[in-house]
Every structure is written in C-alpha cells, then in structure tokens.
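Please read the structure below before turning to the comments.
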Amino acid sequence: MELTRGKEKWVALAFMAPALLLVAMVSIYPIFVAVNWSLYETSYVQAVRYVGLDNFVALFTSENGVRNMVNSAVYVFSSILLVIPVSVLLAVLLNLKLRFRMLFRTMIILPWVISQTVTALLWKWMINANYGPITYMLEQIAGIKTDLLSTSPGANLSLIIANVWNTFPLALVLVLAALQTIPSELYEAGRVDGASGWKSFFHITLPLIRPTIMVAIITLSLEYFNMVTLIYVFTGGGPFSATETLSLRAFKEGFDYWNVALGSAFSVILFIFNILLSLIYIRLLRGRAH
Amino acid sequence: MQHLTARAKATAYTILILFSAFALVPILWAFGTSLKPENHILQYPPSWLPAEFTWNHYYNVLFRSNFPTYFLNSVMVTAISIVVSLFIASHAAYAASRFRFKGMNLLLFLILMTSMIPGIAVLIPLYLISVKVGIYDTFLVMILIYTAWRTPMLTWVLKGFFDAIPREIEEAAKVDGCSPWRAFYQLILPVSQPGLAASALLSAVYVWNDFLVAFSFTTKDDLRLLSVGLYNYITQYGINWGQLMAAVIISILPVVALFIGLQSKFVDGLSVGAVKG
C-alpha cells in the first residue's frame, strides 16, 4: 500500500489521538507512578523517604510475601489443572452430533457471563457452614459438619472450585472452536488406518488443538494470577492468609491498609509477570500464524 | 467419530448432564433461596424446593432498598463506557487499518501494549491520581477507567474487521471527492455493525460485572454500582440471604437473557477477543 502523506497523515493522527491520550492517562502514566512509589517508604499517601529496592527485598524475603507467591502458584496451577482437562473433555462431547447439544452447550457455558462477585456469593451460600447444601452433603459423607472456609485446605479447595465454575467456559469455547475446524475426512482417514476412539483422539485431535490449549492456558493463567474480586469477596484471603495471593495482597495493601509503597511494589511485580507471560503468548500466536 | 456405540452415547450424555448440573445448581439454589420465606432459608438440613413461595425478598430489594439506584447506575455507566470506547477504538482501528506512515505501527503498538497492564497493577496509582485531579468519587472516573481498559482490545478486534473490508469502497468514494472522515462514517462504520455488536457485547458484560473499579473509586451510596451493592450485603452483621439472593438474581438477569438470546455472538466475540486480544 502507498504511504500516507500530507493532510491525510493529520487525519490519521486525529483518529488515533483519543485512544492514545486515554491509554496514556489511564494505563501508561499510572505504571510509572507505581514504579516510582514502589521505591519509597510511605505513610498513607505521603512519601517518607527513598528506600530503593527495599520494598522488593521485603516482598521476596518476608514470610508473608513468600506465602503470597506460593498461594498464587497453587491457585493458578490447580485451577489450570482442573479447567483444561474438563474443558477439553466437554468440548469433545459437545462437538459430537448428539441430540440437545445446543441446549447442553448453553447450560454448560452459562457461568461464563456471571461476575466474580456473584460467583463468590453463590458459592459462599452453597458452602455456608450452617445452611449450605454442600455442607449437608459433606456431612452425610464424612459424618461431621464442617465449615470449609475455616481451614486452609477447605478454603483453597472451595475457592478453586468456584473459580473453575466461573472460568472453564472460556477454555471450552476456545477448544470447541478449534475442534470445529478439524475436517472430518481426517477422522475417516484415521479409521481406515485403524485409529478410532481414544486412539484417534490422541493421534489426530490432540495434536491439532494443542496450540489452542496453550493459548487457553496462558490467557487463563494471566486471569487467575491477576484475580482479586473472586478471592476478596469469597474468602477475603483467609483463614489467616491461606488464600491471599500476590494480586489480593497488592489490593489489600493499597486499599485496606493504605500502604501505598508496598502495594505499588506488589503491583510492579504483577506487571512484570504479565509482560513475561504476554510475550510468551505473542510468540505462540506468531508460531501458529506461520 | 460419528459412529458411536450405545454405551459411548450413554457415557457422553451422563457427563454432559453432570456438568450441566454443576453449572446450573449454584444459580438454581440461589433462585430457590430468593423465593423461600426466612424460616425455610434458615433450615437444616436444607430443602431444595421451597415448601412455600414468597416474593417478599424481591419486593424488599426493589422497593425498600437502594438497589434500583445501583441497577440504573450500572446500566448508565456500562452504556456510556461502551459507546465511548467503541467510538474511540473504531477511529484508532480505522487509522491503523487504512493509513501507513512512519510511526503508525509504534502508535498502534503503544495502544495494544496497554492490554498487558493488569488493572490491579494500576489501581493504586489511579486512585492517587484521581484524588489529585479531583475526580475521585464520580461517575466520570469509573467511565474513564472502563473506557481506557476496553479500548486496546476493541481496537485490535475492530482493526481485524476493517482490514477485511475491501479498500475499493473508499477508493471509489475518494474519486467522487469524499473525505476520509465521511468515508469512515458513511461507508465503513455501517458495514462493520456485526463486528461492532459482537465486541460491544463482550465489553458490556465486562463493565457490568466489574467490582474492583466501582468499589475502589466511589464512596457515595448514590454512585454505587450493582456489584458493590451486592458486596455490601455480606459486610453487614447477620447476612440476609433471602434478599441477597433476590438481588443476585436481579443483577444477573440482563446478562443471562442477553447470553441466551445472542449466544452465537458471545461465542464469536469470545474467540475473536481471546485469540486476538
């Protein structure tokens, strides 16, 4: 295409300007503000003194900081480990020519439009220690009535299940879209060679949807890693800090404890992690396009 | 793949039914609760079907609380944010799709790059900035943030749609003396409506569902959005679960209705957004 010159160049810039101005104000400038604040010791919103990387050192060496990282890792990995196999299985089933498959698809991916706030409230009520139906079912199985949110494994498990409930539709829809692009001739050719059922899944389907699964893993990892609302409303990070992830800590330091410097340091760490994962994501997409 | 044995079919249906139940039960349980009188809600073992029905919780939420205000606030903030971000993103996307000059790619990259910045990383600085500028605790600050956060994704998706529209349309118009502005408004935008609708839908659900911005940037009760109104129920001593679940059902009604009615648009928008955003 020919280069744009003269007056048209100004038109192009005018078209771009509002978007540039907005993201500069609301995303780019604030990141620099966060980096700047993370280098100070603060009292409320006043910088007390410059401390260099002390906040980051504190973050990586304090018992709580390490626990936040471990919690984030547990949360991201467990959720992914549950979501991916479940979505692949359901996508394969929904791709079969079964009756009612549109109805099943609608019902199964419905939780995707439910907010994290509502997800947390729904599951909080399902596992309510006094009146929850899940509490009752567990009592029938285990023989004792338990408050899931009062123990670390119980709270983590409940939180992860709620998260899986809310987010697996995203992976499912992506995988289903990928499955629909696989020509049925491939399966027929496979059958001639004796590949059917599991064999055809592992030798034909899986290799073809692997790039999509990778995209889903990275998109969801980022979402889980940055997640605040679900955890804040569901467990608040408790009991003690058993479910407090890095992102939740960033939010609480800033908005619950007014510790602007430490909150900013957590934010910067989150930002760096996001950049790294996004770069991997872009490489994957490039690889797929070629 | 299509020659399933009866047993394979039965297994497939069983799994699909189990997961449909997994997906629907929390919502149905909430709906059941919202229709039960207080003494049936606070009952153990819990009963699935309400023995008596009551609309009291809905009445209280709709007529004796500020919930309708929150609902209207959410409608307004969502609508304005989406219209403004579509306006801004479609202009940027058009420029990126149709004009080539040194620096254009850099400008586009700058806009798209910001989608890598997670909201939580800029929330604290945005709070400090909004207080300084004097827009903390206003609808304006929420709309600005939502608009800015949706713009990169929308720009990328819309650029894809514009790229697919043949350039000949505008070239013919240019010969007739049509300016780039008019070509955009009168030729390109009208043809891109399906693309605009799919991406607008996803962004609308995003804004409607957000909690963090609404929670962190407002304190006045009459500025609250739905999600914050819901959250406030569980911060009170002695949670009123009947009313809370009625409020939950009211708040998810619009998105669930949109989803059921326009499911294919959601699915299209989701795949496009996730692969391209």
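Okay, here's what the table says:
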read-out: Tally of residues being in a loop (DSSP other than H, G, I, E, B) and more than 9 Å from B:Ala247 (Cβ to Cβ) across the range B:55-71; value: 3
read-out: Leading residue by the ranking (farthest from the other protein chains (Cβ to nearest Cβ)) among those in the range A:132-153 that are of a type outside the set (S, T, N, Q) and surrounded by 18 or more Cβ atoms within 10 Å (Cβ to Cβ); value: A:Leu148
read-out: Test for A:Thr219: is it of a type in the set (Val, Ile, Thr), within 19 Å of A:Ser78 (Cβ to Cβ) and part of a loop (DSSP other than H, G, I, E, B); value: no
read-out: Matching residues in the range B:126-146 - criterion: being facing chain A (nearest Cβ under 7 Å) and over 21 Å from B:Asn73 (Cβ atoms); value: B:Leu128, B:Ile129
read-out: Exclusive hit being polar (S, T, N, Q), without any contact (Cβ under 8 Å) to a residue 12 or more places away in the chain and either surrounded by fewer than 22 Cβ atoms within 10 Å (Cβ to Cβ) or closer than 23 Å to A:Trp37 by Cα (or both), set B:Ser179, B:Ser130; value: B:Ser179
read-out: Residue within the range A:58-74 that is touching a helix residue (DSSP H, G or I) at 6+ places or on another chain (Cβ under 8 Å) and at positive phi present; value: no
read-out: Whichever residue in the range B:74-125 is crowded, with 22+ Cβ neighbours inside 10 Å, over 28 Å from B:Ala183 (Cα atoms) and modelled with pLDDT of 95 or more and, among such residues, is farthest from the other protein chains (Cβ to nearest Cβ); value: B:Val77
read-out: Of the criteria (1) surrounded by fewer than 18 Cβ atoms within 10 Å (Cβ to Cβ); (2) at pLDDT 90 or above; (3) within 11 Å of another protein chain (Cβ to nearest Cβ), which one A:Leu220 fails; value: (1)
read-out: The range B:1-55 - residue that is without any contact (Cβ under 8 Å) to a residue 60 or more places away in the chain, among the aromatic types (Phe, Trp, Tyr) and out of contact with any Phe, Trp or Tyr (no Cβ under 6 Å at 6 or more places or on another chain) and, of those, surrounded by the fewest Cβ atoms within 10 Å (Cβ to Cβ); value: B:Trp48
read-out: Residue that is under 23 Å from B:Phe211 (Cα atoms) and at pLDDT 95 or above, where the choices are A:Ile80, A:Ile114; value: A:Ile114
read-out: Options A:Ile213, A:Ile231: the member that is in a helix (DSSP H, G or I), within 21 Å of A:Leu277 (Cα to Cα) and more than 10 Å from every other protein chain (Cβ to nearest Cβ); value: A:Ile213
read-out: Some residue of the range A:245-256 being acidic (Asp, Glu), within 12 Å of chain B (Cβ to nearest Cβ) and more than 19 Å from the chain's Cα centre (by Cα); value: yes
read-out: Filter result for A:Leu176 (crowded, with 16+ Cβ neighbours inside 10 Å, in contact with a helix residue (DSSP H, G or I) (Cβ under 9 Å, 6 or more places away or on another chain) and either facing chain B (nearest Cβ under 10 Å) or farther than 24 Å from A:Ser241 by Cα (or both)); value: yes
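The values are calculated or read from the model by the stated rules, or taken from the named source; none is laboratory data. As the structure is a prediction and not an experimental result, all values here were calculated from the model. All Cβ positions, even for glycine, are placed from backbone atoms using ideal geometry, and neighbour counts span all protein chains on display.
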